[in-house]
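Single-structure report; data block below.
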Amino acid sequence: MSLPPFDKKELIELVQTRALRRGQFTLASGKTSSYYLDCKQVTLHSRGALLVAQGMLELLDSPWPDAVGGMSIGADPITAALITAAGVQGRELLGFMVRKEPKGHGTQRYIEGPVTPGQRVVIVEDVITTGGSSLLAAERASQFGLQVTEVLAIVDRLEGGREAIQQAGYGCRSLLTIADLGIEPPQE
């Protein structure tokens with residue numbers, strides 16, 4: 001079974017209506033901004049999750065990774081959508097979660113899921129600003145023994161995150177940038 005092709009225009013409309021908020025916000029990076037992207041409003045919506053999965057599966061196509069995952073909580077619905085959509089296509093794809101803190105009991109690991117050292121993985125992210133959370137997820141995945149190849153995001157805020165991720169040696173692509181949402185990229 002195959003999924004319909006990715007509809008970028010529909011994803012833009014969903015992000016604009018569900019995730020984009022205007023005002024004054026402090027971001028996870030500590031920066032202040034006149035807008036905020038709460039992409040969980042898209043990834044926890046049935047159509048939004050499907051659109052994100054369709055778009056990211058198209059980006060993942062070659063070479064196909066063993067697994068996808070990223071920092072909990074933002075990456076968790078993306079990971080779930082991707083592994084489900086891959087399953088619908090009859091393709092094997094594992095998921096994993098990167099904890100902010102190691103579990104205090106049991107295995108006491110940062111990485112949770114059916115992954116094993118040596119597997120090729122892609123880090124997924126909702127929004128890239130500075131790249132800090134993606135780089136932390138990649139670092140923890142690498143420490144576990146996974147081979148991180150790239151970072152895929154829903155939206156790139158065009159604030160240096162892509163460059164920081166690439167400078168660390170990973171590929172970095174996004175389904176959208178803030179320019180797609182009608183927001184002027186910051187001037188350097």
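The values are calculated or read from the model by the stated rules, or taken from the named source; none is laboratory data. Computed from a prediction, not measured in an experiment: that's the story for all the values here. In this analysis, Cβ positions are derived from the backbone assuming ideal geometry, glycine residues included, and neighbour counts consider all displayed protein chains.
It is to be established whether one or more residues within the range 102-112 are hydroxyl-bearing (Ser, Thr, Tyr), without any contact (Cβ under 8 Å) to a residue 12 or more places away in the chain and in a loop (DSSP other than H, G, I, E, B). Yes; the residues of the range 102-112 include at least one that is hydroxyl-bearing (Ser, Thr, Tyr), without any contact (Cβ under 8 Å) to a residue 12 or more places away in the chain and in a loop (DSSP other than H, G, I, E, B).
From the list 128, 123, 165, exactly one residue is β-branched (Val, Ile, Thr), modelled with pLDDT of 95 or more and closer than 13 Å to residue 96 by Cα. Which is it?
Every option except 123 fails the conditions.
Of all residues in the range 157-183, those satisfying the criterion of being touching a helix residue (DSSP H, G or I) at 6+ places or on another chain (Cβ under 8 Å) and part of a loop (DSSP other than H, G, I, E, B) are 157, 158, 168, 170, 182. Against the test of being in contact with a Gly (Cβ under 6 Å, 6 or more places away or on another chain) and in a strand (DSSP E or B), the options 154, 123 yield a single qualifying residue, 123. Only one entry of 92, 125 meets the criterion of being surrounded by 19 or more Cβ atoms within 10 Å (Cβ to Cβ) and in contact with a helix residue (DSSP H, G or I) (Cβ under 8 Å, 6 or more places away or on another chain), and that entry is 125. If you check 54, 89 for being at pLDDT below 95 and out of contact with any strand residue (DSSP E or B) (no Cβ under 9 Å at 6 or more places or on another chain), only one passes: 89. The residue pairs whose first member lies in the range 58-85 and is modelled with pLDDT of 95 or more, whose second member is assigned to a helix (DSSP H, G or I) and basic (Lys, Arg), and whose beta carbons are closer than 9 Å, counting only pairs six or more residues apart or on different chains, are 71/140; 77/40.
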